[in-house]
1. In what sequence, highest mean first, do 90-101, 130-141 appear when ranked by Cβ atoms within 10 angstrom?
2. In sequence order, what are the phi-derived ³J(HN,Hα) couplings for the stretch 88-93 according to the Karplus relation 6.51 cos²θ - 1.76 cosθ + 1.60 with θ = phi - 60°, rounded to whole Hz, with x for glycine and proline?
3. Go ahead and run the numbers for FRET between Val68 and Arg362, Cβ-Cβ distance against an R0 of 56 Å, rounding to 0.05.
4. Amide H of Asp141 versus every other amide H placed in the peptide plane: which residues, excluding those fewer than 5 positions away on the same chain, fall under 5 Å?
5. Ordered by packing density, taken as the mean number of other Cβ atoms within 10 Å over each peptide's residues, highest first, how do 113-123, 149-159, 258-268, 72-82 rank?
6. Given a Förster radius of 30 Å and the C-beta distance between Ala384 and Ile215 as r, what FRET efficiency does 1/(1 + (r/R0)^6) yield to the nearest 0.05?
7. Each residue of the stretch 182-194 in turn: what ³J(HN,Hα) in whole Hz from Karplus with 6.51, -1.76, 1.60 and θ = phi - 60°, glycine and Pro shown as x?
8. Under 20 Å Cα to Cα from Lys370, which lysines show up? Leave out anything in the same chain fewer than 8 places away.
Amino acid sequence: MNDRCAASATGRTARLRMGFARIMALCVTCAALALGNPLAAVADVARQGGTRIKDVTTLKGMRDNQLVGYGLVIGLPGSGDTMRNSPFTEQSLRSMLDRMGVNVDNTLRARNVAAVVVTADLPPFAGRGSRIDVSVGSLGDARSLNGGTLVVTPLMGGDGQVYAVAQGAVSVSGFEAAGDAALVSQGVPTAGRIANGALIERELPDQFRDMRNLILELRNPDFRTAVSIADAINDYSLARWGERTAVERDFRTVFVRQPERISPMRFLAEIGELSITPDTPARVVIDEGTGTVVIGQNVQISTVAVTHGNISVRITERPFADQPNPFSFGETVVLPDTEIEAQEEGGQLAIIGGADLQTLVRGLNQIGLKPMGIIAILQAIKTAGALQADLVVQ
């Protein structure tokens, strides 16, 4: 009962602080706007604390576009594709030489060429002549792309149009060294990157200047966060233009109407600096492969009693040879001898329950568990219905 009262009082105090901070921010905004400096008003609001709107939202329609292309990497020190196992590499090399006026009649046996797939992301509003990074990955049986150079490769979008052209030296982080009886490999030597390796040749249609209605999409959808964003924008727009410009449409999007007396770029620049306090869902994420446990701030556990013990089983094989008696015409056989030992470690019983993250972590530390033990206990608590959060297992 005392924990519930304390949690309720803490919640009321937090809401009062948020309300007071919002009133103070609005007063500061009005004062700065009265002096005719809207950008200073936005900066003063951002300094009140919290997270900027542009860090938790994206503008609908502003997204990257994926590009892909097929090309050849040349100049490899004998670590390229084998023409017998990768016939497409030989075909591509022949086609490239034919376009350059070189006729090749015999079968190619070069090992310094590798067929690769080149990928890149075309950012929004990228102009013609600007450069973007590209990723290169081997398509054949090449051992390494280290030291290679990508030949001119067109990069196409989903519509089949060429938007960029890539070329340059491939940077590989991994390496591979092999001998007659040993092989040393680190990282992935058959994949690399080319910084600023693609030159944009075609621009995407720019419809941003004609947009009067803007839609902000939340990176982490939440009802309370969407309402906080709409309230922060309306408080600022009321003081700036005397009208409300934002309304929450659902838990994922916020509809924003651009005022008449300002450009879309300046309008987004001003409201993007406004600060809010995003609400985080109660969620526990565990990765059984690495033993990683991430517990959100709002995770709560109803009071439960937990005990955990480890059982270790050791199996030892000691085969021995059974010799026949002298002059018995018997054969020597190998007989198995298996020894099994089971040991169970005692676990202490602890009562776990917490209304906040600190209390929860303190309760789990009382048992003194390793990460895998904590994962098992959280799964069991969720099954018992005492974990008041979403449990995500990766």
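1. Numbers: 90-101: 13.2, 130-141: 18.8.
Descending packing order for the listed peptides: 130-141, 90-101.
2. Result, ordered by residue: 5, 5, 5, 4, 5, 5 Hz.
3. Working: r = 51 Å, r/R0 = 0.91.
Computed FRET efficiency for Val68 and Arg362 comes out at 0.65.
4. So Asp141 has HN proximity to Thr82.
5. On the way: 113-123: 21.3, 149-159: 16.5, 258-268: 13.7, 72-82: 19.5.
Most protected by this proxy first, the peptides run 113-123, 72-82, 149-159, 258-268.
6. E between Ala384 and Ile215, to the nearest 0.05, is 0.10.
7. Rounded to whole hertz, the list is 8, 9, 10, 9, 9, x, 10, x, 9, 9, x, 9, 10.
8. Lys382
Values quoted throughout were computed directly from the atomic coordinates according to the rules given, and no laboratory measurement underlies them. Since the model is a prediction, treat every value here as computed from it, not as a measurement. Cβ atoms come from the backbone with ideal geometry, glycine included; neighbour counts cover every protein chain shown.
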